[in-house]
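Just so it is clear, none of the values below were taken in a lab; they were calculated from the coordinates. Just so you know, these numbers come straight off a predicted model, no measurement behind them. Reconstructed Cβ throughout: ideal geometry from the backbone, glycine too, with neighbour counts over all protein chains shown.
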Amino acid sequence: MRSNNDDYDLGREIERSRLIRGEYGTVFENHGIAYAIFGGIVVVSIILCVLLNDLGIW
């Protein structure tokens, strides 16, 4: 049975191998996508909180 730590380690190993091979663009692109998704979730959450607060629902 695999744990979440194994998946994390596998991802780190893939990233490390890409850096060793010089595929910096792929690594930075993946990081950018992850930050964009996280940022989008935060922005949508803030907008929903403000909207629900203005409507008096929350």
Run the numbers for ILE14 and PHE28: contour at 0.36 nm per residue of separation, minus the present Cα-Cα distance, in nm. 3.7 nm
Using only DSSP helix segments of four residues or longer, with each worth -39500 (n - 2.57), what per-residue ellipticity at 222 nm results for the chain after dividing by its residue count and rounding to 500? -30000 deg cm²/dmol
Percent of alpha carbon pairs in the chain separated by more than 17 Å? 61
Could you give the angle, 0 to 90 degrees to the nearest 10, between helix 24-54's Cα long axis and the longest principal axis of the Cα atoms of the chain? 10
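List the trypsin sites (Lys or Arg not before Pro) in the chain that DSSP assigns to loop (not H, G, I, E or B) and whose Cβ has at most 10 other Cβ atoms within 10 Å. Which are they?
Those satisfying the criteria are ARG2.
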Against the longest alpha carbon principal axis of the chain, how many degrees, from 0 to 90 and to the nearest 10, is the axis of helix 4-21 turned? 60
